[in-house]
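Have a look at the structure below before the remarks.
Where a number appears in this text, it was derived from the coordinates with a stated rule and is not lab data. Nothing here was measured: the structure is a model prediction, and the numbers come from that model. Counting neighbours? That spans all protein chains shown, and the Cβs are built from the backbone with ideal geometry, glycine included.
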Ligand code: SAH
C-alpha cells in the first residue's frame, strides 16, 4: 500500500469506521466539534500493530507492547476537550505519550507539543509515526516525565496519561499562570481524572471522573 493509502485506511480502518467512532463519542458526551473533527481526521490505526488495526476505531484501549496501552478514544477526546475549553494551548506538555496518538491530536489544537516517554522503544516508534504524518510542532524526548521537561516550561497545559498516587509537585511548578494539569490520580481501580488549574499562583483542583490508566512509573527503560 502506498503511504497515503495506508494513512487513509480501507475497510475497518476507513473514514466510515472513524465516523462511527465519532458518533459513539458524541453519544458518550463529547460535545466539542473541533475535537470530534480531529478524531475523525486522525488515523488511529497507524499507531497500533497491523494485527489489531481492525479494532482501531472501536472505543477501547489496545495493547501497544511493553505492557502499555493506547488510550481509549473517549478518554483522549475528553482530556483534549477539557484542556481546550479551559484556557490557552500555546505550549503543551504530554507525559507518557506511548503510541503518539494523543500527541497527534494535541498537535492540532496547540502551538507546540512537548512529549516525554520513559520507554525508549515507544519513543522511537512514536517519532516514526509523527514523521509519517508530517507533523512539525511535536518534540519528543526519552525521559522520566515525573520531572516534567523543565527546559521548555512553563506550559499552558500538561496532560499525563499514566497514574501516580499523588500529584507530582514538579508538574505543578511547570505550569504557567492560567496553566492546567490534567492527570489521573490513584491506584488500580481507584483512580480519578483530576484537573489542577493555576491562577495567581494558587492551585484549584477539580475532579472530572473515575478512570483506569496504567501506573506512572519512576525512572526510564
Ligand atoms: N496516550 C498514550 C498512553 C500510553 S500508556 C497512548 O494513547 O498511546 C501510558 C504511557 O506512560 C506508557 O507508554 C508508559 O511507558 C508511560 N509512562 C509511565 N510512567 C512514565 C514516566 N514516569 N515518564 C514518562 N512516561 C511514563
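Side notes on the structure shown:
- Its Cα gyration tensor gives the stretch 59-175 an equivalent ellipsoid. The semi-axes, each the square root of 5 times an eigenvalue, are 19, 16, 15 Å from largest down.
- In plain terms, the chain from residue 207 to residue 132 could stretch by 23.4 nm, reckoned as 0.36 nm per residue minus the Cα-Cα distance.
- For the pair residue 188 and residue 31, a Förster radius of 25 Å applied to the C-beta separation gives a FRET efficiency near 0.25, rounded to the nearest 0.05.
- Comparing 41, 189, 49 in a Gaussian network model of the chain where C-alpha atoms under 10 Å apart are linked, the largest mean-square fluctuation is found at 189.
- When shorter helices are ignored and each DSSP H run of at least 4 residues is given -39500 (n - 2.57), the per-residue value for the chain at 222 nm works out to -8500 deg cm²/dmol.
- For the options 136, 54, 176, a Gaussian network treatment of the chain with springs between C-alpha atoms closer than 10 Å singles out 136 as fluctuating the most.
- On Cα atoms only, tilt of 120-132 relative to the major axis of the chain in degrees: 60 degrees
- Sites residue 199 and residue 124 - FRET efficiency at Förster radius 41 Å, r taken between beta-carbons, to 0.05: 0.60
- Cα principal axis extents for the chain, largest first, Å: 51, 37, 34
- Rounded to the nearest 10 degrees, the angle from helix 15-27 to the longest Cα principal axis of the chain is 40 degrees.
- Counted over all Cα-Cα pairs of the stretch 1-99, pairs farther apart than 16 Å make up 58 percent.
- Angle between the chain longest axis and helix 73-84 axis [Cα atoms, degrees, rounded to 10]: 50 degrees
- Stretchable slack from residue 60 to residue 85, in nm (0.36 nm times residue separation minus alpha-carbon distance): 6.6 nm
- Mean Cα-pair separation over length for the stretch 68-135, i.e. relative contact order, pairs under 8 Å, 6 or more apart, %: 31 percent
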